[in-house]
Each structure stands twice: as C-alpha cells, then as structure tokens.
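A.B. asks: Got a structure for you, written out below as structure tokens; questions coming shortly.
The values are calculated or read from the model by the stated rules, or taken from the named source; none is laboratory data. Being a predicted model, the structure only gives us computed values, none of them experimental. Please note: Cβ atoms are built from the backbone with ideal geometry, for glycine as well, and neighbour counts cover all protein chains shown.
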Amino acid sequence: MQSKKTFKPCDLVIFGALGDLSTRKLLLCLYQLDRAGLLEPDTKIIGVDQFEGAAELLIDAANTCLDNYLTGTKDTAVWQRFSARMSYVQMDLTQPEAYQQLNQFVDKDKRVMINYFSVPPFLFKNVCQGLQASGVLTAASRMVMEKPIGYDLASSKEINDEVAKVFTGEQVCRIDHYLGKETVLNLLALRFANALFITNWDHNTIDHIQITVAEDLGIEGRWGYYDQTGQMRDMVQNHLLQILTFIAMEPPVSLDAENIHYEKIKVLKDLRPITTQNVRDKTVRGQYTAGNIKGKPVPGYTEEEGANTESKAETFVALRVDIDNWRWAGVPFYMRTGKRMPTKQSEIIIQFKQLPHNIFQDSFVELPANKLKIRLHPDQGVNVEILNKIPGIDEHIKVQQTQLDLSFSEAFKDKHVVDAYERLLLEAMRGHSTLFISREEIEQAWTWIDSIQNAWAEIQDTPKSYPAGSWGPDAAITLLARDGRVWED
Ligand code: BG6
C-alpha cells in the first residue's frame, strides 16, 4: 500500500474573500477538504477584502456559506479546526503599500503562498505589483486565476503579460472548473485505459459527436457581466472547448501537465476557422424570450431585472465544429449550450457509424449504430447503447437496442463526490499543473472564438429567439438536419 504523501502547508490568500465566488464556493470547498483530512495541519487561510473587520468577518462569511450550501451537518470539531486557520486583512487593492500588511500573516520559510485572485481582471495588475513590491513572494509561490481571462485574444494577452511580469508559467494556475469535474476527467480514463475505446476513436468508426451543456437557470443577477460576455465567451471559449480537447486529443505520453497541454493545444490549432464565409452555416445564436421552466413562468432575457431591453447578447449557441487532422477528418463535433433550457443537463454523445452490412433484417431494415453517452449532469455516468439478441426461441435471431449503463452514484456508492473546486484548490496547493490551462491554450481558444465573434459582427447577426424552457431556436435543429442528423434529446 502507498504511504500518505505529505505536502508543504500553505498560506492561501484569497483576494476578494468576501465576494461571490469565495462565499459561495471556495470557503465551502476548503471546509470539505479540511473535513477529508486533505489540508495540511499548518495550512492557513487569509481572506483579503475591502471591508473593515478582523478574522471574525471571514469566519462569519464561512459560517453563512456552510449554512447555505453544505449538504449534511457541520462537524463541530472540523469547524473549530477550520475556523482557527483563518485570518483577515482589510485592504484597498489599488494601494501598493497596503500589501505590506501581508508580511505579518505569511511565513515564507514554513509555508507556500498561494494567491487566489477572486477579483475582477482589471485589478490583476495592482495585485501582482503589490505582491511583488511587498516582498512576500518566493519562487514557490503560486497565483490562481479563472475566467474571464480576457474578452478576446488581445485583452487576454494583456492580462497574461501583466501576470507574467511577476509569476512564471509554472507558478500560474488558470482554472476552468470543468477540468475539475469527475466526468470530464473520466474521459481520460475511458479513452486511454480501455482498449475498446482507444482503437475505436476516429473517423473510421465514429460518425459524429455531440456536446450539450444546458442550464435551466437564467442570468441570476449577473447582468453586468453576462450582457458584455454572452454564452459564446462565457461557456464555449472555455468549458465546451476544454471538453472537446479531451475528446479529440491524441493519447498523451503520460498524465504530466506538459504532455496533456501539448496534445490539447494541437487540437485547438486544428480547429477549422469559422469566418464570414461559413458562419451562417456553422453557428446559431439564440436569446430566450419568456416561457415556462418546470411549469413555472419565467421572464425573457431582456425582461430580467436590470436588463438592457435592446440587448443582442446570445444566451444560446449551437455550432458545427470541424477538426482538420487525420483522426477527425469528416467527423463533425456539434456543440450547443444555453441558459433557460428545459433542464440542467450536460452530456457527450459519441455516435458510432452504422455497420456496412445488415444480417438482422428481421429486426431492423437499417441497424441502429452504437452510441456512447457520457453524462456529466445529472447522474454522472457512462452508457453504451448496443444491440443484443432478444432471448427466446425464434426462427431467426432477433436483436433489440439495449443499454450498458454505469451510474457513478451506484457504482461508487461509498465515495464522496468531489466538487470541481475542491479538486482544483488542492491541485494548486500541492503544486500540480495538469488540470490547469496553459497560456497557449487560452490564446489558441481565443483566436478561434474571435474569428466567430468578428464574423457575427460583420454579417450583423442577431440572435434568434427561443422560448425559455425549450431546446433553443429551430435553427439549431436545422444545423444538424442539413447534415441528415438530429440532436439527442
Ligand atoms: C460558469 C459560467 O463558468 O459556469 C456560468 O460563468 C455557468 O454562466 C456555470 O452557469 C456552469 O457551471 P456548472 O458547473 O454548473 O455546469
């Protein structure tokens, strides 16, 4: 049996500790890590924000966070240990001298400093410069940031350039929380640990691939951010492209960060550009109007509280993506993602090709092709649709479609389902990089997305409306119908 590996304790500094991400996610995930015994005993949590107060302020915020989001009961002993780790620093992040205060809280010799930038990107420069000038950083320190890393290629370069003045590539953890999801990581296991899939994963056997990430939620008070961003930048540039790279990449030599990043970048470089010439055929933008979700009426996007009634932001995108390489030539990837769809549902469908000859004419004039479904949400799992003989004494063998179904909650009953942020926080604290995104990946992704955004602007595309509670505009159905295919609903 492997002995438990120990890691150096950390000074985890959360900039924006009283903000939305921290008080909804990070503090809860840190508590869960502590409960699971995964925080080193001497690890400290230092909250930084603009509000006046001391450690109690952060402890109260963590308490409320657990009250609101913890499923199950709070463990008193864990809570005591967890709250004892916390301190708080009031700071105006735009004031360089303010960062000196951090020297009283961090211990460079004993602990590794992890700086979580949970603040808007316009403050990144201030935080980087303040940290550098204060002398708290060492070569082992890390910084964590997450989307939006820019609004396009140029702005993402600006952010990355600023950060690079202070932190080296290995010190930067760019988070895409989808890379912390169990089912997304399972793509690596499924593909590269099973002969069954490793040899049946290309244009010879696969007809096409569908990726759906649907949410029933709307904008949830995030108007200011979302209306500037839209679904393409909010979801496709990061989460959907990350899923796509995991499905499409070549087998990496190992699970090391360098090898995984290298293979993912190759996929991003091979994405066929979508330009003014083909944007109408390859993309659909939608915006929801009023409708019903699970029987309840909901307002349209431009009727939401604080809405810009003239907004042309898309809340839905469907795309046909082609990858120009040997493996995927002729295999389209169809992706769709939207807000206010009938339900929260994310899945990947690998649609295999039909067999060239059918000896089961009694059962099917055309044999249905195999399908591999990977469910991200709800009920994480993997399902393979196969044809099986119908038991019984018939004159001819008869076949029927059946399912090989693996539900993670059934198969791994005794395992705690780890939240994506728990995993990623731990990876940052342990100094691993595989699950973070490299600068080159982000910039390749933006290059491809920018071309689509520019094409939409040039042809003056406006989003097509779809009623809340539907699967998007009809044009999304036509996108596949043109190729003789249908969405898996
Ligand atoms: C975020 C987007 O990155 O991902 C949100 O900004 C979206 O708009 C969320 O709702 C979806 O994440 P999940 O894990 O609930 O699928």
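A.B. asks: Checking the structure you have, find out if any residue of the range 386-398 is surrounded by 13 or more Cβ atoms within 10 Å (Cβ to Cβ), touching a residue at least 24 places away in the same chain (Cβ under 8 Å) and more than 29 Å from the chain's Cα centre (by Cα).
C.D. replies: Yes: the range 386-398 contains one or more residues that are surrounded by 13 or more Cβ atoms within 10 Å (Cβ to Cβ), touching a residue at least 24 places away in the same chain (Cβ under 8 Å) and more than 29 Å from the chain's Cα centre (by Cα).
A.B. asks: Another one. Would you mind stating whether GLN171 is of a type in the set (S, T, N, Q) and within 30 Å of ARG285 (Cα to Cα)? Outline the logic, then answer.
C.D. replies: Values: of a type in the set (S, T, N, Q): yes; within 30 Å of ARG285 (Cα to Cα): no.
Here the answer is no, as GLN171 does not meet what is asked.
A.B. asks: Hey, does the range 140-156 have a residue that's under 26 Å from GLU422 (Cα atoms) and surrounded by fewer than 18 Cβ atoms within 10 Å (Cβ to Cβ)?
C.D. replies: yes
A.B. asks: Something else about it: Could you please tell me which pairs satisfy a Cβ distance under 8 Å, a separation of 6+ or placement on different chains, a first residue in the range 234-253 that is over 15 Å from VAL321 (Cα atoms), and a second residue that is of a type in the set (Asp, Glu) and more than 11 Å from the ligand (Cβ to nearest atom)?
C.D. replies: So the pair list comes out as GLU250/GLU263; PRO251/GLU263; PRO252/GLU263.
A.B. asks: Can I ask one more? Would you check which residues across the range 142-159 are touching a strand residue (DSSP E or B) at 6+ places or on another chain (Cβ under 8 Å), away from the ligand (no atom under 16 Å from the Cβ) and touching a residue at least 60 places away in the same chain (Cβ under 8 Å) and list them?
C.D. replies: Passing the criteria: only ARG142.
A.B. asks: Would you please list the contacts, defined by Cβ atoms under 8 Å and residues six or more apart or on different chains, that run from a residue in the range 219-232 that is more than 15 Å from GLY300 (Cα to Cα) to a residue that is of a type in the set (Lys, Arg) and within 12 Å of the ligand (Cβ to nearest atom)?
C.D. replies: Partner pairs satisfying both residue conditions: GLN231/LYS339.
A.B. asks: Considering only the range 329-352, state which residues are over 11 Å from ILE211 (Cα atoms) and within 12 Å of the ligand (Cβ to nearest atom).
C.D. replies: GLY338, LYS339, ARG340, MET341, LYS344
A.B. asks: For the range 8-122, which helices (runs of 4 or more DSSP H) that fit wholly inside it have 3 or more residues that are surrounded by fewer than 17 Cβ atoms within 10 Å (Cβ to Cβ)?
C.D. replies: 55-69, 76-84
A.B. asks: Same structure, new question: Return the pair list, or none, for Cβ contacts closer than 9 Å from residues in the range 329-341 that are closer than 19 Å to ALA481 by Cα to residues that are away from the ligand (no atom under 12 Å from the Cβ) and basic (Lys, Arg), at least 6 apart or on different chains.
C.D. replies: PRO332/ARG320; PRO332/ARG485; PHE333/ARG320; TYR334/ARG320; TYR334/ARG485; MET335/ARG320
A.B. asks: Which helices (runs of 4 or more DSSP H) sit wholly inside the range 163-267 and have at least 2 residues that are of a type outside the set (S, T, N, Q) and either crowded, with 18+ Cβ neighbours inside 10 Å or within 16 Å of the ligand (Cβ to nearest atom) (or both)? Don't jump to the end; show me each part of the working.
C.D. replies: On the way: elements: 182-192, 195-198, 223-231, 241-248.
Here the list reads 182-192, 223-231, 241-248.
A.B. asks: Scanning for something modelled with pLDDT of 95 or more and within 23 Å of GLN242 (Cα to Cα), does the range 406-418 turn up at least one residue?
C.D. replies: For the range 406-418, residues modelled with pLDDT of 95 or more and within 23 Å of GLN242 (Cα to Cα): absent.
A.B. asks: Additional query: When you check PHE333 against the structure, is it closer than 21 Å to HIS239 by Cα and modelled with pLDDT of 95 or more, yes or no?
C.D. replies: Details: closer than 21 Å to HIS239 by Cα: yes; modelled with pLDDT of 95 or more: yes.
Against the criterion (closer than 21 Å to HIS239 by Cα and modelled with pLDDT of 95 or more), PHE333 qualifies.
A.B. asks: Taking the condition farther than 15 Å from GLY472 by Cβ and touching a Gly at 6+ places or on another chain (Cβ under 8 Å), does ARG375 pass?
C.D. replies: Values: farther than 15 Å from GLY472 by Cβ: yes; touching a Gly at 6+ places or on another chain (Cβ under 8 Å): yes.
Yes, satisfied.
A.B. asks: Among the residues of the range 434-462, write down those that are farther than 14 Å from LEU319 by Cβ, part of a loop (DSSP other than H, G, I, E, B) and more than 18 Å from the chain's Cα centre (by Cα). Break it down into steps so the answer makes sense when it comes.
C.D. replies: Initial filter on the range 434-462 (farther than 14 Å from LEU319 by Cβ): 434-444, 446-447, 450, 454, 457-460, 462.
Going one step further and asking which of them are part of a loop (DSSP other than H, G, I, E, B), we end up with 434-438, 459-460, 462.
Scanning the range 434-462 gives ILE459, GLN460, THR462.
A.B. asks: What number goes with the only condition from (1) within 25 Å of THR478 (Cα to Cα); (2) crowded, with 16+ Cβ neighbours inside 10 Å that ASP324 does not pass?
C.D. replies: (2)
A.B. asks: Looking at the range 424-443, is at least one residue farther than 30 Å from TYR116 by Cα, away from the ligand (no atom under 16 Å from the Cβ) and small (Gly, Ala, Ser)?
C.D. replies: Step one: list which residues in the range 424-443 are farther than 30 Å from TYR116 by Cα, which gives none.
Checked against the condition, which is being farther than 30 Å from TYR116 by Cα, away from the ligand (no atom under 16 Å from the Cβ) and small (Gly, Ala, Ser), the range 424-443 yields no hits at all.
A.B. asks: Which pairs turn up if I take residues in the range 254-277 that are among the polar types (S, T, N, Q) and look for partners that are buried (at least 16 other Cβ atoms within 10 Å of the Cβ) with beta carbon separation below 8 Å, at least 6 apart in sequence or on another chain?
C.D. replies: Hits for this filter: ASN259/PRO252; THR275/SER451; THR275/ALA455; THR276/ALA455.
A.B. asks: Residues of the range 281-293 being surrounded by 14 or more Cβ atoms within 10 Å (Cβ to Cβ) and in a helix (DSSP H, G or I), which ones?
C.D. replies: Result: LYS282, single match.
A.B. asks: Now, a different point. Assuming GLN277 fulfils every condition listed in (1) more than 12 Å from the ligand (Cβ to nearest atom); (2) in a helix (DSSP H, G or I) apart from one, which condition is it?
C.D. replies: Status for GLN277: all satisfied but (2).
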